[in-house]
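Structure first, then comments.
The numbers here are math on the coordinates, done by the rules we state, and not lab data. Predicted model only: the values in this text are computed from it and were never measured. For neighbour counting, all protein chains shown are included, and Cβ atoms are generated from backbone atoms with ideal geometry for every residue, glycine included.
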Amino acid sequence: MVAPVVNEPVNICWICGAPASTREHRLKKSDIVRAYGRGPYLSDTGPIHFRGGNSTKIQGPNSQAIQYPKILCADCNTTRSQPYDFSHEAFLDWLFSNEGTVLQRRFVNFYEIYGEGWQTSQLNLYKYFAKSFGCRLIEASHEVPEDVVSLFPKTNFQTALRMTFSVNEDVLLLPQRIRNGFIGKAALIPMARRDAPTEVVGFTWKEYTSWFTVHYWYNEWPDGNLGSTWVADTQHVYLGSLAPLPSEMRADLSQKAALLDE
């Protein structure tokens with residue numbers, strides 16, 4: 001007797017609608033390599049990924065534990081979005097190479113990062129973050145809003161997705177060798193109307209690399225304390241400040257950090 005063939009469901013690429021055949025990194029490979037090297041990592045000293053109350057030891061920067069399921073086609077995840085990845089890597093490399101200056105003046109000048117082509121490069125950087133936001137929505141079983149899906153091939157667009165950048169002052173207390181490995185994403189928070197609590201109308205979310213935090217605001221008014229609003233439309237972006245720990249915990253962290261840095 002021949003067993004029936006069971007076809008696995010085919011996911012659809014949320015950007016273009018083609019069959020999804022590739023996995024996007026939840027935690028960007030270049031960020032993991034910057035913090036921990038190219039691997040493989042030793043089981044007793046390598047990075048540990050925490051998600052949903054579970055912890056997983058990471059063997060290398062391509063570990064499936066830090067990847068989404070297959071939600072993008074090969075073209076959208078490679079050729080089409082490669083310029084976005086390049087702009088993001090250049091942005092963070094510059095940010096951390098010039099950490100002292102950035103933290104002192106609390107703004108970034110895209111011309112200093114990208115040179116004469118800064119307008120195009122900052123647009124690609126924005127699209128990198130929009131792609132990250134879309135992947136997070138899909139993983140949480142939300143539809144990606146049409147204004148986000150449709151912006152990728154455009155140079156001019158209108159969207160309800162805005163971002164702010166901030167400095168996590170608590171992470172900044174940690175020695176650099178420790179805070180460099182502080183890479184992750186916070187919970188996605190759906191926002192509903194007061195008169196229709198089951199109707200999602202917006203989202204807030206954040207992700208971080210070391211002290212640098214990206215805040216996402218979809219159809220929500222950004223908190224000005226967390227930085228100036230950015231939609232790939234300005235040469236300068238001002239960094240806000242984030243200090244989530246209570247004062248007693250912050251003082252305790254500062255003391256422990258001083259011991260770790262000895």
For the stretch 91-167 versus the stretch 205-224, the gap between their alpha-carbon centres in whole angstrom: 11 Å
Separation in nanometres of the label points that stand 7 Å from Cα toward Cβ, at His142 and Ser228: 2.7 nm
All-pairs alpha carbon distance profile, the stretch 58-136, 10 Å steps from 0, percent: 16, 39, 31, 13, 0
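Using 1/(1 + (r/R0)^6) with R0 = 25 angstrom and r between the beta carbons of Asn98 and Asp75, what's the FRET efficiency to the nearest 0.05?
Working: r = 34 Å, r/R0 = 1.36.
Between Asn98 and Asp75 the formula returns 0.15.
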Radius ratio Rg over Rh of the stretch 48-104, counting only Cα atoms, Kirkwood formula for Rh: 1.10
Helical mean residue ellipticity (222 nm; -39500 (n - 2.57) per DSSP H run of 4+; nearest 500) of the chain: -9000 deg cm²/dmol
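Compute the orientation-averaged projected area for the stretch 146-252 from the convex hull of its Cα atoms and round it to one decimal in nm². Before the final figure, lay out the partial values.
Details: hull surface 36.2 nm².
Computing the convex hull of the Cα atoms and averaging its projections yields 9.1 nm².
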Extreme residue, positive dipole direction of the chain, given options Pro222, Gly100, His142 (C-beta unit charges): His142
Backbone HN-Hα couplings from phi across the stretch 122-135 [Karplus 6.51/-1.76/1.60, Hz, Gly and Pro as x]: 5, 5, 5, 5, 4, 5, 4, 5, 5, 5, 4, 4, x, 4
Per the chain, cysteines lacking a partner by the 4.7 Å Cβ criterion: Cys16, Cys76, Cys135
Contour excess over end-to-end distance, with Cα ends at Ala186 and Leu253 and 0.36 nm allotted per residue: 22.1 nm
Per principal axis, descending, Cα span of the chain in whole Å: 69, 47, 46
Residue of Ala186, Ala90, Ala196 that the Gaussian network model of the chain assigns the largest fluctuation, springs spanning Cα pairs under 10 Å: Ala196
